[in-house]
Amino acid sequence: MQESLLEILCCPLDKHELELEDADRDDADEIIGGDLVCTECGERYPIEDGIPNLLPPDMREETPA
Amino acid sequence: MLFSSQVSVVTNDADRKRDVATSFGNATDGYRDGAVLKEGADLERLVDWTEGATRALDVATGAGHVAGAVAERNVPRVVAADLSPEMVTTATADYGGLEGAVVDAERLPFPAGRFDAVTCRFAAHHFPDPEAFLAEVERVLATGGVFAFEDLAAPADPELASYVNRIERLRDPGHVETASPAQWRDWLEAAGLTVDAVRETSRRLEVDTWLDRMDVPADRRREIRSLLSNAPAALEDAFDFRYADDGERLESYRTGVVLFRARA
């Protein structure tokens, strides 16, 4: 994902802003891994293979394939 | 009665949605190649309705056909969102210029007013809580933004509707409920969206192809075939059943489809 996607993402639970942590970037500066962390509730949403997974925790697969 | 199967317990919803994500993850190839979903005047119409948008969201994008078509119409930013990570990967790999996100349609991870177009095509019958979905659509749309929506439509007669839904659920365990156009209109208006165009149409489904697309196992195929053979005459008429030359085997039928354009 491009960092600019962050501008239009928020926490699905409380709709507060997300902060990027532990970002892994490729040569083209695309974010391929890391976590998006809610600045309010602290919930962490993983970025997997460059795609942010913003499913609420009760819907997320426990172990990503 | 029609909507009695809707589940309200959050964990049940979450389990059901996980099942949907899994079954669609497995069916990715069938969805990517399905001409029924990739082509059609209805797809064009839906995309026409997003004309002039600057930032669009396609909810339950599947293989990305709608999101891709919207991006091709010069909408500069298009987010392709789906419950299944596999689907989002497929969509963003197959169509250039899309941004992908894995989301729950009923709890969207976007701030209020961020989009001027939201699309959703042939997916809402998988949503356990369509009203929660529409409330989220209304929230993420800017004032005046357009919601371009298409889904299967159930017959107005509740008995026929429940018969159809029974068949659909056998074919696809992730199927929740196909609603009637009147029900959708009520829900849209209740969510604060103003309907400004409605199209009721239908599409002919070849029964075998339709079952192959979801990889339906043999026992459930037999049950579906039996329900179709014993369908009430009113359904046979409403859905324009067409049989093979022997007059026995149902080859295809027409299922209702509805498109809405609504504004926030």
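Rule-based calculations on the coordinates, nothing more; no lab input. All values derive from a computational prediction rather than experimental measurement. Reconstructed Cβ throughout: ideal geometry from the backbone, glycine too, with neighbour counts over all protein chains shown.
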For this session: Report the paramagnetic label zone for B:Ala41: residues of the stretch B:201-215 whose backbone N is under 15 Å from a point 7 Å from Cα along the Cα-to-Cβ axis.
Result: B:201-204
Seminar exercise, completed: In terms of the charge dipole of the protein assembly as shown, which places +1 on Lys and Arg and -1 on Asp and Glu at the beta carbon, the residue among A:Pro46, B:Gly52, B:Tyr253 farthest towards the positive end is B:Tyr253
Exercise. Mind checking the mean number of beta-carbon atoms from other chains within 10 Å of the Cβ atoms in A:48-54?
Worked result: 6
For this session: Give the peptides B:189-201, B:115-127 in descending order of average Cβ contacts within 10 Å, highest first.
Result: B:115-127, B:189-201
For this session: Would you please state the base-10 log of I(q)/I(0) at q = 0.08 1/Å for the protein assembly as shown, with intensities from the Debye formula using one equal scatterer on every alpha carbon?
Result: -0.36
Exercise. Taking amide hydrogens as modeled 1.01 Å from N in the peptide plane, which residues meet the under 5 Å criterion relative to B:Val118, leaving out close sequence neighbours?
Worked result: B:Leu57, B:Val146, B:Phe147, B:Ala148
Exercise. Out of B:Ala80, B:Val140, B:Tyr243, whose Cα points farthest toward the positive end of the dipole of chain B (charges: +1 Lys, Arg; -1 Asp, Glu; placed on Cβ)?
Worked result: B:Val140
Problem set entry | Debye intensity ratio in log₁₀ form over the Cα atoms of the stretch B:85-210, taken at each q of 0.09, 0.11, 0.13, 0.16 Å⁻¹ | -0.30, -0.45, -0.62, -0.94
Seminar exercise, completed: Computed ³J(HN,Hα) along the stretch A:42-50: with the Karplus parameters 6.51/-1.76/1.60, θ = phi - 60°, integer Hz and x for glycine or proline, the list is x, 4, 9, 10, x, 9, 10, 6, x
Exercise. Amide H to amide H under 5 Å from B:Ala179: which residues, 5+ apart in sequence or cross-chain, H placed 1.01 Å off N in plane?
Worked result: B:Ala154
Exercise. Just for the Cα atoms in chain B, what are the lengths along the principal axes, largest first, rounded to whole Å?
Worked result: 53, 38, 37
Seminar exercise, completed: Listing B:Val176, B:Val88 by rising number of other beta-carbon atoms within 10 angstrom, fewest first, gives B:Val176, B:Val88
For this session: Report, by chain and number, residues whose modeled amide H sits under 5 Å from the one on A:Cys10, excluding near sequence neighbours (fewer than 5 apart, same chain).
Result: B:Phe110
For this session: Any chance you could tell me what percent of the C-alpha pair distances in the stretch B:142-264 go past 23 Å?
Result: 37 percent
Exercise. How far is it, in nm, from the label point at B:Glu131 to the one at B:Asp48 when both lie 7 Å from their Cα along the line to the Cβ?
Worked result: 3.3 nm
Problem set entry | Lys, Arg +1 and Asp, Glu -1 on Cβ, resulting dipole of the stretch A:3-60 about Cα centre, debye, nearest 20 | 300 debye
Seminar exercise, completed: Partner shielding of A:39-47, taken as the mean number of other chain Cβ atoms within 10 Å, equals 1
For this session: Just need the Rg to Rh number for the stretch A:3-60, please, alpha carbons only, Kirkwood Rh.
Result: 0.95
Exercise. What order do you get for B:40-47, B:236-243 when each peptide is scored by the mean count of other beta carbon atoms within 10 Å, highest first?
Worked result: B:40-47, B:236-243
Problem set entry | Per-residue average of Cβ from other chains inside 10 Å of A:5-13 | 5
Problem set entry | B:Ser229 versus B:Arg203: modelled label distance in nm, points set 7 Å from Cα along the beta carbon direction | 2.8 nm
Problem set entry | Lys/Arg +1, Asp/Glu -1 at C-beta; the protein assembly as shown dipole; positive extreme among B:Leu188, B:Ala234, B:Ala69 | B:Ala234
